[in-house]
Structure formats: C-alpha cells, structure tokens
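Asker: Structure in structure tokens, see below.
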Amino acid sequence: MELTLAQVSKTFEQNAAVDAVSYTMRNGVYGLLGVNGAGKTTLMRMICTLMKPTSGVITWNGRDIWKLDAEYRRVLGYLPQEFGFYPDFTAEEYLLYIASIKGLRPAAARQRVDELLHTVGMERVRKKKMKKFSGGMKRRIGIAQAMLNDPEILVLDEPTVGLDPNERIRFRNLISELSSRRLVLLSTHIVSDVESIANDILLMKDGRIVRSGTPRQLVAGMPVRVWRCRVPKQEEAAYAKRYRIANIKMTAAGTELRILSEQPPCAQAVQEDVTLEDVFLYHFGETGGERNAVL
C-alpha cells in the first residue's frame with residue numbers, strides 16, 4: 001500500500017496553489033496541517049482525481065492514478081469539507097442512496113450500512129432525518145458514506161470544522177479506529193486535530209510541504225526555543241513588535257508571555273518545553289512587528 005506524489009503542481013492563472021509537492025504515504029494517519037489557503041484542499045482534490053495536476057504524477061502502488069481510473073476510485077473514500085445531502089432523508093436512506101450510486105448491490109448495501117451506522121455511533125438515530133442532526137452527527141454520517149466501499153485510502157478535508165470540543169474528540173477517536181488497516185489523510189488548520197492521532201504530519205505553506213515528520217520529530221527539530229516571560233502590561237506591545245508571541249496571560253503581577261526566540265527575551269525568562277502549536281506558530285504565525293497569534 002503506497003500513495004506517492006512526485007513533483008505534483010497545480011497552477012491557476014500562473015498562481016501555484018500546489019507547488020512541486022513530493023511525498024510517499026503508506027498505512028496510517030497523515031495530518032496535512034496549514035492555514036486556510038495553503039493549498040490543502042487543492043492537493044486533496046488531485047489525490048481524489050477531482051482535479052488533474054498541471055504537472056507531476058500521483059501513483060498508487062506504482063501506477064498512475066489517472067490511468068487506473070475506476071480501479072483507483074474503488075479503493076478511495078473522500079469526505080469533502082462540505083458534502084451534499086438531502087435534508088429530508090434519514091441517515092439510513094441517505095447511506096443506502098449513496099451505496100446505490102457507488103454500485104453496491106441492495107443486500108450488500110444494507111449490511112454495509114448497518115455495520116457503518118454502528119461504527120460511527122449513529123445506530124439509534126438511523127430513522128431520524130438528517131436536517132435534525134448536529135454538525136458532529138452530520139460529519140459522522142459523512143465518514144460513513146466515505147467508508148461504504150471499505151476504502152484503502154480515506155481522504156478527509158477539514159472534517160472537524162464547526163464541531164464542539166466533545167464532537168471533535170469523538171471524531172478523532174473514530175478516525176484513529178478506522179486507520180488500523182488503511183491510509184488516512186486528514187487536512188486541518190487545528191493542531192489538536194492531528195497531534196494525538198497522526199503518525200506523520202505534513203506542514204503545508206504557500207502550496208509547498210515545508211516540513212514533515214512525526215509530532216515528536218517536528219517538536220525536536222524546532223529551530224528556536226520557547227520562553228515564558230513576565231513583563232509589565234505597558235511593555236507588552238514592545239515585545240509583540242520584536243517576537244512571535246504564542247500566548248498572552250494576564251496575571252496580578254503583570255503580563256505573562258510565551259515567546260518564540262533563539263535567545264532569552266528578558267532577564268527573567270524561563271525556558272519552556274516546545275509543543276506542536278509552537279511549531280505551527282513558527283511556520284505559519286505572523287512576523288514580528290505585527291500582532292501575533294496562532295491562527
């Protein structure tokens with residue numbers, strides 16, 4: 001099982017949305033992490049054959065996915081950021097309808113729908129109309145429709161957008177369970193969505209993969225240090241002009257700043273452990289001289 005991107009680019013009116021991306025993925029969870037507009041969705045749409053690369057090639061087990069055509073799509077499951085559904089369909093009716101479109105025979109479709117409703121924890125509301133579902137419930141049905149053909153590749157584009165914290169945790173646990181025997185590619189701009197479940201994380205910026213590795217490798221490879229520094233309130237703006245600020249906390253003794261810097265930013269600075277959010281800020285945060293925050 002191997003999905004390979006070799007110098008894959010996509011250009012729109014001379015603007016490169018994806019720029020010479022090369023990477024190989026195998027079994028496990030891969031987190032595609034970057035701010036909105038980084039090129040994540042364009043890359044995923046190319047992997048799902050919804051968009052053809054301007055240049056480069058994507059292969060599945062050594063064969064061009066465009067030449068594999070339907071043979072490739074049979075091993076592919078895709079959940080776009082916004083997926084269409086009929087609001088007056090029940091969860092069961094919707095999944096049976098999508099199963100028919102995907103070519104599953106009626107008896108096999110019903111068995112598969114029963115299995116997936118159980119897997120995503122929606123068995124009890126199978127007869128409920130989808131227009132009455134919460135955001136998290138709709139996303140779980142979205143996962144179920146992507147899993148109808150028992151895909152070897154599962155592609156999820158910003159799957160936790162709009163979910164509350166409990167739904168986000170439930171969704172992460174579900175993805176982790178589904179990844180045991182398949183390749184899962186999950187795009188997001190939320191660090192916590194991939195920090196605990198991804199085997200490898202790809203940091204995407206301006207259409208390029210700028211760093212990749214396990215969460216531990218990315219943290220260990222952080223080029224700068226992280227410091228905790230307590231400063232008077234009136235000096236906060238001056239520090240924000242000079243450094244990237246990961247966090248600001250107001251205390252009775254003054255303002256406590258979490259600062260990314262090679263050298264101690266103040267005499268009383270205390271070095272802190274680096275987190276994946278710090279890595280994200282280093283690569284995607286605003287530069288000194290602007291108000292800095294993790295996006």
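Asker: Computed from these coordinates, which is semi-axes √(5λ) of the Cα gyration tensor in Å: [x] 40, 24, 15; [y] 34, 27, 16; [z] 27, 26, 18?
Answerer: [x]
Asker: I would also like to ask the following. Let me check something: with ligands and nucleic acids excluded, how do 282, 23 order by accessible area (1.4 Å probe), largest to smallest?
Answerer: The most accessible residue leads, giving 282, 23.
Asker: Of all beta bridges DSSP finds with both residues in the chain, what is the antiparallel percent, to the nearest 5?
Answerer: Around 65 percent of the beta bridges assigned by DSSP in the chain are antiparallel ones.
Asker: Please label the shape of region 153-295 as rounded, prolate or oblate, based on the square roots a ≥ b ≥ c of the eigenvalues of the alpha-carbon gyration tensor (a/c under 1.5 means rounded; beyond that, a/b larger than b/c means prolate, else oblate).
Answerer: prolate
Asker: Name the most mobile residue of 281, 50, 186, meaning the one with the largest mean-square fluctuation, in a Gaussian network model of the chain with Cα contacts below 10 Å.
Answerer: 50
Asker: Once you've got the Cα coordinates, tell me which of 10/40; 40/241; 10/205 are over 20 Å apart.
Answerer: From the list (10/40; 40/241; 10/205), the Cα-Cα distance tops 20 Å for 40/241.
Asker: Follow-up question, since we're still on this one. What are the GluC sites (Glu not before Pro) within region 81-168 that DSSP puts in a loop, where the Cβ has at most 14 other Cβ atoms within 10 Å?
Answerer: Listed in order of number, the matching sites are 82.
Asker: Just add up the charged neighbours of residue 175: K/R +1, D/E -1, any other residue whose Cβ is under 15 Å from the Cβ of residue 175.
Answerer: Every neighbour counted, the sum reads 0.
Asker: Computed FRET efficiency, Cβ-Cβ of residue 20 and residue 192, R0 25 Å: what is it to the nearest 0.05?
Answerer: After rounding, the FRET efficiency stands at 0.25.
Asker: For residue 242 paired with residue 268, estimate the spin-label separation in nm (one decimal), with each label point 7 Å from Cα along the Cα-to-Cβ line.
Answerer: 1.6
Asker: Right, next: For 86, 72, write out the residues from largest to smallest accessible area, computed with a 1.4 angstrom probe and no ligands counted.
Answerer: 86, 72
Asker: While we're on this one: Taking a probe of 1.4 angstrom, what is the accessible area of residue 35 in Å², to the nearest 10?
Answerer: 40
Asker: Anyone know which of 81, 217, 263 comes out most mobile in the 10 Å Cα GNM of the chain?
Answerer: Between 81, 217, 263, it is 263 that shows the largest mean-square fluctuation.
Asker: Taking residue 128 as the anchor, which lysines have their alpha carbon closer than 26 Å to its alpha carbon, excluding any fewer than eight residues away along the same chain?
Answerer: Within the straight-line limit of under 26 Å, residue 128 reaches these lysines: 102, 138.
Asker: When the Kirkwood radius is taken over all Cα pairs of region 78-231, what Stokes-Einstein diffusion coefficient follows at 20 °C and 1.002 mPa s, in µm²/s?
Answerer: 125
Asker: Please list the non-local residues whose amide H lies under 5 Å from the amide H of residue 29, H modeled 1.01 Å from N, same-chain partners needing a gap of 5 or more.
Answerer: Here the answer is 184, 199, 200, since their amide H atoms fall under 5 Å of that of residue 29.
Asker: So what J values fall out for region 172-183 if you push phi through Karplus, 6.51 cos²θ - 1.76 cosθ + 1.60 with θ = phi - 60°, rounded to Hz, Gly and Pro as x?
Answerer: Taking θ as phi minus 60°, the curve returns 4, 4, 5, 4, 4, 5, 6, 8, 4, 9, 8, 9 Hz for region 172-183.
Asker: Per residue, how large is the accessible surface of region 93-209? Use a 1.4 angstrom probe and give square angstrom.
Answerer: 45
Asker: Rounded to whole Hz and in sequence order, give me ³J(HN,Hα) for region 26-39 from the Karplus expression 6.51 cos²θ - 1.76 cosθ + 1.60, θ = phi - 60°, writing x for Gly and Pro.
Answerer: Karplus-based 3J(HN,Hα) across region 26-39 equals 10, 4, x, 9, 10, x, 9, 10, x, 6, 4, x, 6, x Hz.
Asker: Run down the aspartates and glutamates and flag those whose C-alpha is under 13 Å from the C-alpha of residue 127, throwing out any fewer than 8 positions away in its chain.
Answerer: Within reach: 88, 92, 93, 114.
Asker: Mind giving me the FRET efficiency for residue 70 and residue 216? R0 is 45 Å, r the Cβ-Cβ distance, nearest 0.05 is fine.
Answerer: 0.70
Asker: Can I ask one more? Any idea how far the Cα center of region 104-176 sits from the one of region 23-54, in Å?
Answerer: First find each Cα centre; the distance between them is then 21 Å.
Asker: Still on this structure, please answer the following. Stokes-Einstein D for region 172-220 at 4 °C, 1.567 mPa s, Kirkwood Rh over Cα pairs, in µm²/s?
Answerer: It comes out at roughly 111 µm²/s.
Asker: I need to check one value: relative contact order of the chain, counting alpha carbon pairs closer than 8 Å and at least 6 residues apart, in percent.
Answerer: 20
Asker: While we're looking at this one, here's another question. Report the full-extension gain for the segment residue 233 to residue 161: residue separation times 0.36 nm, less the Cα-Cα distance, to one decimal in nm.
Answerer: Once the chain is fully extended between residue 233 and residue 161, it gains 22.5 nm.
Asker: Would you tally the net charge around residue 99, using a Cβ to Cβ cut-off of less than 10 Å, leaving residue 99 out, and scoring K and R as +1, D and E as -1?
Answerer: So the surrounding residues net to +4.
The values are calculated or read from the model by the stated rules, or taken from the named source; none is laboratory data. In this text the structure is predicted, and so the values were computed from the model without any measurement. Virtual Cβ from ideal backbone geometry, glycine too; neighbours counted across all protein chains shown. With ligands, DNA and RNA removed, areas are computed over all heavy atoms of the protein, side chains included. Shrake-Rupley method; radii C 1.70, N 1.55, O 1.52, S 1.80 Å.
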